[in-house]
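J.: Got a structure for you, questions after.
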Amino acid sequence: MLIAHLSDLHIAAGTPETAPVRRDAPDMARLIVANLLTLPQRPDAVLITGDVADGGSDADYALVRQILAPLPMPVFVVPGNHDRRGPMRAAFGATIPYAAASTLQFEAQVAGARIIGLDSLVPGRVEGDLDAAQ
C-alpha cells in the first residue's frame, strides 16, 4: 500500500489570513496533485493532516475540493489549527466517514489497511489535544 501524506497546504480562496502563507499556495497544491498523477505507482490514498485551508471559509474548502478533484484515489483530511470544522465537514463529509457531529475524526479501510484520522483541533489555539477516548 502506498499513501501520500500532505500537510499544511494553507489554501486560501482570497488573501491568506496568515502573513507567511504564500499567495501561490493554490498553484503549488495543483502542482502537487499533478505530480501525484505522474508517479509510476499511484498512491492508494492521500492523507492531508491539518491546515488544509488557511482561513477555513466555505470558499477556501471549495477551492481545495476543486484542486483535489483530479485525484482518483480516496482523499482523507483532518483539521489543523487553521481549519474550521463546520466548513470542512460541509466540503468533505460526503466522502469521508467522519464518526461524530462534534469532531472530524474517522476510520476507513483502503486496500486492506485501516486508516484512522484523529481530530486534535482546539479552536482558537495553536496546539492540539487528544482526549482519553481518542
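The values are calculated or read from the model by the stated rules, or taken from the named source; none is laboratory data. From a predicted model like this one, the values you see are computed outputs, not experimental measurements. Every residue, glycine as well, gets a Cβ built from its backbone with ideal geometry; the counts of neighbours run over all protein chains shown. Remember, those area values only see protein heavy atoms, side chains included, never the ligands or the DNA or RNA. Shrake-Rupley method; radii C 1.70, N 1.55, O 1.52, S 1.80 Å.
J.: Looking at segment 115-128, I want the residues that are open to solvent by 20 Å² or more (accessible area, probe 1.4 Å) and have a partner that is part of a strand (DSSP E or B) with Cβ atoms under 7 Å, at least 6 apart or on another chain. Which pairs are those?
T.: 116/107; 118/78
J.: Looking only at segment 1-21, count how many residues are touching a residue at least 12 places away in the same chain (Cβ under 8 Å), over 16 Å from the mean Cα position of the chain (by Cα) and loosely packed, with under 15 Cβ neighbours inside 10 Å.
T.: Within segment 1-21, the subset touching a residue at least 12 places away in the same chain (Cβ under 8 Å) is 1-14, 16-18, 21.
Subset that is over 16 Å from the mean Cα position of the chain (by Cα): 1-2, 14, 16-18, 21.
Checking the rest, the ones that are also loosely packed, with under 15 Cβ neighbours inside 10 Å come to 1-2, 14, 18.
Going through segment 1-21 one residue at a time, the tally reaches 4.
J.: In segment 51-134, which strands (runs of 3 or more DSSP E) lie fully inside it and hold 1 or more residues that are within 16 Å of the chain's Cα centre (by Cα) and either closer than 17 Å to residue 14 by Cα or of a type in the set (Gly, Ala, Ser) (or both)? Spell out the reasoning first.
T.: Details: elements: 75-78, 106-110, 113-117.
Here the list reads 106-110, 113-117.
J.: Quick check on segment 28-45. Is at least one of its residues more than 10 Å from the chain's Cα centre (by Cα), buried (at least 20 other Cβ atoms within 10 Å of the Cβ) and assigned to a helix (DSSP H, G or I)?
T.: Checked against the condition, which is being more than 10 Å from the chain's Cα centre (by Cα), buried (at least 20 other Cβ atoms within 10 Å of the Cβ) and assigned to a helix (DSSP H, G or I), segment 28-45 yields at least one hit.
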